[in-house]
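J.: Questions regarding the structure given below will be posed in turn.
The values are calculated or read from the model by the stated rules, or taken from the named source; none is laboratory data. This one's a predicted model, so the numbers in the text were calculated from it and none came from an experiment. Ideal geometry is used to build each Cβ from the backbone, glycine not excepted, and the neighbour counts take in all protein chains shown. What goes into the accessible areas is simple: the full protein's heavy atoms, side chains included, and nothing from ligands, DNA or RNA. Shrake-Rupley method; radii C 1.70, N 1.55, O 1.52, S 1.80 Å.
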Amino acid sequence: MRGIDWAVLIASLVAIIGYGLYRSRGSKTVASYLLAGRTMRWWVIGLSIMATQASAITFIGTTGQGYVDGLRFVQFYFGLPIAMVIISAIAVPLFFRSGVYTAYEYLESRFDAKTRTLASLIFLVQRGLGVGLALYAPAVVLSVIMGWPEPLTITTMGGLVVAYTVIGGIKAVMWTDAQQMMVMFAGILAAFLAAVWGLPSDVSFLDAIHLAGISGKMRAVDLSFDWQNRYNLWSGLIGGSFLALSYFGTDQSQVQRYLTGKSIRHMRISLLFNAVVKVPLQFMILLTGALVFAFFVFVEPPMLFNTVERTRMEGRLDPTYEAVQTRYHAAWSTRSEAAQKLSHERDAGLDNAFVAANSELGAIRQEAIALVEQSNHGATYNDTNYIFLNFVISHLPAGLVGLIMAAVFAAAMSSISAELNSLATVTVIDHYRRYLARGRSDMHYARAARISTAFWGVYATVFASFGGQLGSLIEAVNMVGSLFYGSMLGAFVLAFSRWRVNGNGAFAGMLAGLGAVALTARLTDVSYLWYNLVGCLVTVAVGLIIGRGGAKAAPAA
């Protein structure tokens, strides 16, 4: 990056963090440190919820997903508006009136302590893994930009986020999130426009869309029903709805955002805001990835997007690799020439020629990847997460690179800080205060929350070192969550329902749901989005069978 890029990046980070800390003044009690005194307005909550979910994975993973696989990943979010309406109608008033700090406190009031403890432990495990992935993503950015080793970049980013999260609590997190989300909107728009403006002067936006379309990148909706297909209309609407219900209705990192609301109205509007904005935002990000594909049709992309691996392979002076690279250059030239003809004349024969050339280029790149894996003793190589970064760093003008890097870092910090804060909240409220240190002062628990935040920051840093082995980050983070979310959702369905189910039923149901998902993942090829449905249904069914009778029903919403 050039000097102006560093100036934009550093100025953005300093301004965002400084503003968040300024707004967090007075967060000394447990209520203010963990729930902002329940004073937040809907737009701050809404932006914080969106920023928490739209991590650096969104920029790095989703744009790469759009480049490789096109728009069909947007179907993953089709169930989100449905989930937001249901949560707003049912969960929000019950959570608000119960006065809980964590979602899992509600399970104890409805069932018993062991159900609360199991649910909170599940959250700590799966969200601890998720925050590690969120921390790994910006490490990829710095390692590509600066040539730093990933462990150093992971430690640097982790230390920065932990510092302001520990100091300011949830007020610092949420006000920082709101500013970071605005930077993210600007970064997404800048990347989109840069991909369009980078096209040759005789290639229009519609030409780029056509090239992406005949390459299979523009198919946003797949009507076919296939259990093994990760992204189609049905997996998105059904599996995606259950995942979104689980994430926004039971995951403390999201529930804690709207628990800070000053009223039920503010809590509901914040969720409905996300219901309206989230799908178009994800579509825009995926479309940016598809346009980056079109850009690289006319500007030769590297055969390997990971610069470290590319440099290593070129330094080996392997004749086989050099021969593949020569063929790659020739195949790209053929594809580019076919695309140039298409930009002047639309013809089915020219379409077929371009598709054939694109397939040939892809096949040659797979040969190169196989050589990388062979040289690494079979270790899997996946450079999806490097595609967008390569485009930004190598082809965008000075200043714009800094803005997009600021957006990436803003996304990373918002997600990591929110997750660290929620992990600390569950640790202190559901475990430390409940079992280890009852009846201590408010100041004592606030201090314990700060220590817990630091602990989870260290935990995330350690797990992040394995992020490079998990392929596409945007898929990895959702796959991790889907292993656990279904059974969590099932427990809250039982809790929110009017069915008279006792704690033994809910507890057994959650264990059964976790087991069912584990068996489904191990023994079948069913897409991970369906894990949420499996876990929820098994939890509810077992809970109803074992726990009927002798329990109080949930209060009316």
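J.: Looking only at region 314-329, filter to residues that are at pLDDT 90 or above and touching a helix residue (DSSP H, G or I) at 6+ places or on another chain (Cβ under 9 Å); which one of those is farthest from PHE205 (Cα to Cα)?
T.: Step one: of region 314-329, the residues at pLDDT 90 or above are 319-329.
Now restrict to residues that are touching a helix residue (DSSP H, G or I) at 6+ places or on another chain (Cβ under 9 Å): 320-322, 324-325, 327-328.
Details: THR320: 38, TYR321: 35, GLU322: 35, VAL324: 32, GLN325: 30, ARG327: 29, TYR328: 26 Å.
That would be THR320.
J.: Are any residues in region 154-200 polar (S, T, N, Q), open to solvent by less than 10 Å² (accessible area, probe 1.4 Å) and modelled with pLDDT under 80, and if so, which ones?
T.: Going through region 154-200, the residues polar (S, T, N, Q) turn out to be 155-156, 165, 176, 179-180.
Checking which are open to solvent by less than 10 Å² (accessible area, probe 1.4 Å) leaves us with 165, 176, 180.
Selection gives GLN180 alone.
J.: If ASP525 satisfies every condition in (1) over 30 Å from ASP226 (Cα atoms); (2) open to solvent by 20 Å² or more (accessible area, probe 1.4 Å) but one, which is the exception?
T.: So the condition that ASP525 fails would be (1).
J.: Which one of these is outside any helix (DSSP H, G or I) and either closer than 30 Å to PHE225 by Cβ or open to solvent by 10 Å² or more (accessible area, probe 1.4 Å) (or both): TYR101, TYR67?
T.: TYR101
J.: Is it true that some residue in region 244-267 is within 30 Å of PRO301 (Cβ to Cβ) and either open to solvent by less than 10 Å² (accessible area, probe 1.4 Å) or modelled with pLDDT under 90 (or both)? Don't jump to the end; show me each part of the working.
T.: Let us first name the residues in region 244-267 that are within 30 Å of PRO301 (Cβ to Cβ), namely none.
No: region 244-267 contains no residue that is within 30 Å of PRO301 (Cβ to Cβ) and either open to solvent by less than 10 Å² (accessible area, probe 1.4 Å) or modelled with pLDDT under 90 (or both).
J.: Something else about it: Tally up the residues in region 299-317 that are under 24 Å from LEU342 (Cβ atoms) and buried (at least 19 other Cβ atoms within 10 Å of the Cβ), please.
T.: Start the filter on region 299-317 by keeping residues that are under 24 Å from LEU342 (Cβ atoms), which leaves 299-303.
Restricting the remaining residues to those that are buried (at least 19 other Cβ atoms within 10 Å of the Cβ) gives 301, 303.
Total meeting the criteria: 2.
J.: Another one. For region 192-210, how many residues meet the condition of being under 23 Å from PHE59 (Cβ atoms) and either in a helix (DSSP H, G or I) or charged (D, E, K, R) (or both)? Give the steps one after another, and end with the answer.
T.: Let us first name the residues in region 192-210 that are under 23 Å from PHE59 (Cβ atoms), namely 192-199, 205, 208-209.
Next cut, either in a helix (DSSP H, G or I) or charged (D, E, K, R) (or both) only: 192-197, 205, 208-209.
So the answer is 9.
J.: Looking at (1) within 27 Å of the chain's Cα centre (by Cα); (2) open to solvent by 30 Å² or more (accessible area, probe 1.4 Å); (3) under 14 Å from ALA178 (Cβ atoms), which is the only condition ALA11 fails?
T.: Failing condition for ALA11: (3).
J.: Still on this structure: Before we move on, is SER336 free of Cβ contacts under 8 Å to residues at least 40 places away in the same chain, out of contact with any His (no Cβ under 9 Å at 6 or more places or on another chain), within 20 Å of LEU206 (Cβ to Cβ) and open to solvent by less than 80 Å² (accessible area, probe 1.4 Å)? Talk me through it step by step, then tell me what you get.
T.: Numbers: free of Cβ contacts under 8 Å to residues at least 40 places away in the same chain: yes; out of contact with any His (no Cβ under 9 Å at 6 or more places or on another chain): yes; within 20 Å of LEU206 (Cβ to Cβ): yes; open to solvent by less than 80 Å² (accessible area, probe 1.4 Å): yes.
Taking the combined requirement at face value, the residue satisfies it.
J.: Next question, about the same structure. Can you work out which of the residues in region 41-55 that are open to solvent by less than 10 Å² (accessible area, probe 1.4 Å) and either assigned to a helix (DSSP H, G or I) or closer than 10 Å to ARG257 by Cα (or both) is modelled with the lowest pLDDT? It would help to see each step written out before you state the result.
T.: Taking region 41-55 as the starting set, the residues that turn out to be open to solvent by less than 10 Å² (accessible area, probe 1.4 Å) are 44-46, 48-52, 54-55.
Now drop any that are not either assigned to a helix (DSSP H, G or I) or closer than 10 Å to ARG257 by Cα (or both), which leaves 44-46, 48-52.
Values: VAL44: 90, ILE45: 91, GLY46: 89, SER48: 87, ILE49: 86, MET50: 83, ALA51: 79, THR52: 75.
Only one residue tops the list, namely THR52.
J.: Only one of these is aromatic (Phe, Trp, Tyr), within 21 Å of VAL501 (Cα to Cα) and part of a helix (DSSP H, G or I): PHE123, PHE95. Name it. Let's see the steps before the verdict.
T.: Numbers: PHE123 fails: within 21 Å of VAL501 (Cα to Cα).
On inspection, the qualifying residue turns out to be PHE95.
J.: Moving to a separate point now. Are there any pairs, at least 6 apart or on different chains, whose C-beta atoms fall under 9 Å, with the first in region 4-32 and assigned to a loop (DSSP other than H, G, I, E, B) and modelled with pLDDT under 85 and the second open to solvent by 60 Å² or more (accessible area, probe 1.4 Å) and not small (Gly, Ala, Ser), and if so, which?
T.: Close Cβ pairs (under 9 Å, with a partner that is open to solvent by 60 Å² or more (accessible area, probe 1.4 Å) and not small (Gly, Ala, Ser)) amount to SER24/ILE167; SER27/ILE167; LYS28/ASP442; LYS28/MET443; THR29/ASP442; THR29/MET443.
J.: So, in region 443-494, how many residues would count as being open to solvent by less than 40 Å² (accessible area, probe 1.4 Å), modelled with pLDDT under 85 and among the hydrophobic types (A, V, I, L, M, F, W, C)?
T.: Residues in region 443-494 being open to solvent by less than 40 Å² (accessible area, probe 1.4 Å), modelled with pLDDT under 85 and among the hydrophobic types (A, V, I, L, M, F, W, C): 7 in total.
J.: Something else now. Return yes or no: is PHE76 in contact (Cβ under 8 Å) with a residue 12 or more places away in the chain, open to solvent by 10 Å² or more (accessible area, probe 1.4 Å), in a helix (DSSP H, G or I) and among the hydrophobic types (A, V, I, L, M, F, W, C)?
T.: On the way: in contact (Cβ under 8 Å) with a residue 12 or more places away in the chain: yes; open to solvent by 10 Å² or more (accessible area, probe 1.4 Å): yes; in a helix (DSSP H, G or I): yes; among the hydrophobic types (A, V, I, L, M, F, W, C): yes.
Yes; evaluated as a whole, the condition is true for this residue.
J.: If you don't mind, another one. Contact list please: Cβ distance under 8 Å, first residue in region 373-390 and under 17 Å from LEU291 (Cβ atoms), second residue open to solvent by 50 Å² or more (accessible area, probe 1.4 Å), pairs at least six apart or on different chains.
T.: From residues that are under 17 Å from LEU291 (Cβ atoms), the pairs are THR384/VAL68; ILE387/VAL68.
J.: So if I check each of ASN376, ASN421, which one is among the polar types (S, T, N, Q), open to solvent by 10 Å² or more (accessible area, probe 1.4 Å) and in contact with a helix residue (DSSP H, G or I) (Cβ under 9 Å, 6 or more places away or on another chain)? Lay out the reasoning, then the answer.
T.: Details: ASN421 fails: open to solvent by 10 Å² or more (accessible area, probe 1.4 Å).
Unique residue meeting the criteria: ASN376.
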